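Quick note: the coordinates plus some simple rules give every number you see, no bench work behind them. Note that the structure is a prediction, hence the values are computed from the model and not measured. Neighbour counts are summed over all protein chains in view; Cβ atoms, including those assigned to glycine, are modelled from backbone coordinates with ideal geometry.
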Amino acid sequence: MKIKKSLAISETGFVFDPSTGDSYNLNPTALEVIQLLKEGHSPEQISQAITRKYDVDESTFERYFYDFTGMLKQMQLVVPDEE
Amino acid sequence: MKSNKLNIAISGLNNVDSPGPGIPVIRGIRESNRFTSRIIGLAYENLEPGPYMHDFVDKSYKVPYPSEGVESLMDRIKYIHSRENIDVLIPNFDSEIFVFIKLVERLREMGIHTFLPTLQQFEERHKSNLPAFGKKHGIKVPISYPVTSVSEIFDLKNDHKIDYPLVIKGIFYDAFIAGNSDQAAIYFNKISAKWGLPVVVQEFVKGTEVNVVALGDGAGKTIGAVPMRKQYITDKGKAWGGITLDDPGMIDYTHKLISSTNWRGGMELELIRTSDNDLYLIEINPRLPAWVYLAVAAGQNLPEALVQLAAGETVEPFSDYAVGKIFIRYSFDMICSMDEFQQLSTTGEL
């Protein structure tokens, strides 16, 4: 999954999609995840990074991760042909 | 005509909840560093805010409504011109553009310059002519029919030419979405009473409304274009907040449309972007819109460029604009003296 290149993501978790004018607020964990996605990391790599850093097991993280990425797809914040 | 100081007459000074473009156009002109300006406001009503906004309007004159006839408007313009020596005139209401297009030559003979669409451009983009316009220029438009009675709407439905929900639109302003025949009849009566006939019945296209403000040089070249999405819409459907978009598709669309029509003057494209990413043209307004100052703030001073074009100058096209620029409209209670109100009401000048 590739995050839209044009997406502007601030350090405070504010996300702006310049093609639609929509903006979103992310919590700190979501911000970390979306930054890792933007850097091109795979879901497995992201899972490793987050579970190592936070007190969360892999299956719980996976559930939240796919819920989050599903939302990103729904909001068209990912590159369509890479979905 | 070359001058560093221009006397510019501008209408559309009703800076109210459904604002005319006059004041935003003046804001752009005031920010010009290519010329200075004396702004002459053309007002239709005593309570239009523009005449009392002295930072924007230097002198105001009441003018008769276009519906009172071309000659009475022309007589008034002649009088104003004798006092103010107007260089450029920018009409900003849809309902007066037609009249001023008709007067372009006579105004030019008086030394008053305009930069308006041609009569053909104005007529072919009319809401009631939109399907033919779409076909001619190869663009997607919703199915629409001009009607003069409620029964025609029912006939269109019975003949399966159109289905609910549909949009009922006034020839100049206003649009309502009708979900059934009762609503269609109510909206038809409401709009026809206010704006006259025909009323336009249009297919409802589901998607996100996006808009473009643009300026064509009359020879197929786009001088500037800025796309925007309304972020906050009033109950009258007007933008109370909006944001500039990074949308090369909309810019390309605008360039093609202006090239195909040789559009002359300002325009606002009202488009619907569907979930399939198709753009449907729902309307072309033949003037700069009330949100044009967003384009100025984003780096394209289109009102200034329009004045330069009217003055016969060559204008280089804008190549860029700031994305993510937001406008938020606000209301403001201006305090005016009874003397000023009295002066405008009784003498027609302020």
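What to note about this one:
- Note on chain B: antiparallel DSSP beta bridges, both residues inside, total approximately 75 percent of the bridges counted.
- Three-way shape call for segment B:100-152 based on the alpha-carbon gyration tensor, with the a/c threshold at 1.5: oblate
- From least to most packed, judged by other beta carbons within 10 angstrom and beginning with the fewest, B:VAL150, B:VAL226, B:VAL63 follow the order B:VAL150, B:VAL63, B:VAL226.
- Size descriptors for segment B:177-320 (Cα atoms only): Rg and Dmax, in that order, 16.7, 53 Å.
- Farthest positive-ward along segment B:218-314 dipole, Cα basis, beta-carbon charges - from B:ASN262, B:PRO289, B:ALA219: B:PRO289
- Inter-part distance, segment A:1-44 to segment B:65-106, computed on C-alpha centroids, equals 53 Å.
- Cβ charges +1 (Lys, Arg) and -1 (Asp, Glu), total dipole of chain B, debye: 420
- Rounded to 10°, Cα long-axis angle of helix B:94-110 versus longest principal axis of chain B: 40
- Cβ-to-Cβ counts within 10 Å put B:LEU197, A:LEU31, B:LEU302 in ascending order as B:LEU197, A:LEU31, B:LEU302, the fewest first.
- Against chain B, whose longest principal axis comes from its Cα atoms, helix B:338-347 is set at around 80 degrees.
- The mean number of Cβ atoms from other chains found within 10 Å of a Cβ in peptide B:245-256 is 2, as a whole number.
- The long axis of helix B:181-195 is offset from the longest Cα principal axis of chain B by roughly 20 degrees.
- Packing-based exposure ordering (other Cβ within 10 Å, fewest first) of B:TYR65, A:TYR54, B:TYR187: A:TYR54, B:TYR65, B:TYR187
- CD proxy at 222 nm, helix term only [per DSSP H run n ≥ 4: -39500 (n - 2.57); per residue of chain B; nearest 500]: -10000 deg cm²/dmol
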